[in-house]
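Asker: The structure's right below; bear with me while I get my questions together.
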Amino acid sequence: MADGYGNRVQAFEAEGAFLRKWGGPFAIGIHGPFNGWFTTVTGIAIGPDERVFAADFYNDRVQVFTAEGKFLNTFGETGDGPGQFNHAIALDIAPDGTVFVADFLNNRIEKWRPIRMAP
């Protein structure tokens, strides 16, 4: 679950029992390139390989994690060109791993091809 102004991702069992959470310390939004920290996480999607993709709204990027919350990668930066966001707000992932990101203030959807990573 994306916990927007809690600046974290929370995971629950199918029955609703809490499993884990991750994000910056004290659930405060931190602007900047700090891996694993958010400034308003607005959406998450689970890839076909169970990686968790999180839209980091005010940091203009997407962060990627294992299902257990270990930081793996990030992509995107501030701007209006290819590969840049002005507030990534939501995302979805196709069965082949292609990532689609809604770029709020640039009024567009960006398409990212899958990156193959070792487990």
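Values in this text are rule-based calculations from the coordinates and carry no lab data. Since the model is a prediction, treat every value here as computed from it, not as a measurement. Cβ coordinates were reconstructed from backbone atoms using ideal geometry, including for glycine residues, and neighbour counts include every protein chain displayed.
Asker: Work out the P(r) tail for the stretch 1-43: percent of alpha carbon pairs separated by more than 12 Å, whole number.
Answerer: 55 percent
Asker: Stokes-Einstein diffusion coefficient for the stretch 16-119 at 10 °C in a medium of 1.306 mPa s, Rh from the Kirkwood formula over Cα pairs: what value in µm²/s?
Answerer: Once the numbers are plugged in, D ends up at 115 µm²/s.
Asker: May I pose another question? Sort largest first and round to whole Å: the equivalent ellipsoid semi-axes of the stretch 15-67, each the square root of five times a Cα gyration tensor eigenvalue.
Answerer: 19, 14, 9
Asker: Can you say what percent of the DSSP beta bridges in the stretch 2-112, counting only those with both residues inside, are antiparallel? Round to 5.
Answerer: 95 percent
Asker: Still on this structure: Let me check I've understood the local charge: for Asn35, count other residues with C-beta under 12 angstrom from its C-beta, Lys and Arg +1, Asp and Glu -1. What total comes out?
Answerer: +1
Asker: How high is the relative contact order of the stretch 2-112, in percent, counting Cα pairs under 8 Å that sit 6 or more residues apart?
Answerer: Worked out over the stretch 2-112, it gives 18 percent.
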